[in-house]
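Just so it is clear, none of the values below were taken in a lab; they were calculated from the coordinates. Since the model is a prediction, treat every value here as computed from it, not as a measurement. No Cβ is skipped: glycine too gets one built from the backbone with ideal geometry, and neighbour counts run over all protein chains shown.
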Amino acid sequence: MKKHIKLSLICLISIIILTSCSQEDTITGYVSSTITDQNYFLLIQNITQDEIRDKTFEEKVVIAIEELENEDSNGYFIYVPQEFHDKVILGEKVKVWLTGPAQESLPPKVSAEKIQTISN
């Protein structure tokens, strides 16, 4: 009887681990600023291009932080390798595949393994 319970628990834990590992973390939003010397760009979700078009970098960061307090992680600094960063275009809507945990900052810093442009 104890063997069956242990085996059931091991199977259940294995299924949970495998399921959580197979999920892809992605976010979609607008590239609102780029930080070339550090290979970062600021991505803001749940916003339109018109809302950020004429804002300064500092104003965009404030928007990302304010939205972060009301929503769940609305703005991110995305780190990408140089070859991706050179292809990122200000104002583009992109889907980003995240890798690794977010660094604690406002807005959070995350790394991307893949970026896809989305047509508006």
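Here are the numbers:
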| item | result |
| --- | --- |
| Lys95 versus Glu83: modelled label distance in nm, points set 7 Å from Cα along the beta carbon direction | 2.2 |
| Mean Cα-pair separation over length for the range 24-118, i.e. relative contact order, pairs under 8 Å, 6 or more apart, % | 33 |
| Hz values of 3J(HN,Hα) by residue in the range 78-85 - Karplus curve (6.51, -1.76, 1.60), Gly and Pro given as x | 9, 8, 9, x, 3, 5, 7, 4 |
| Exposure proxy ranking, count of Cβ atoms within 10 Å, fewest first, for Phe84, Phe57, Phe77 | Phe57, Phe84, Phe77 |
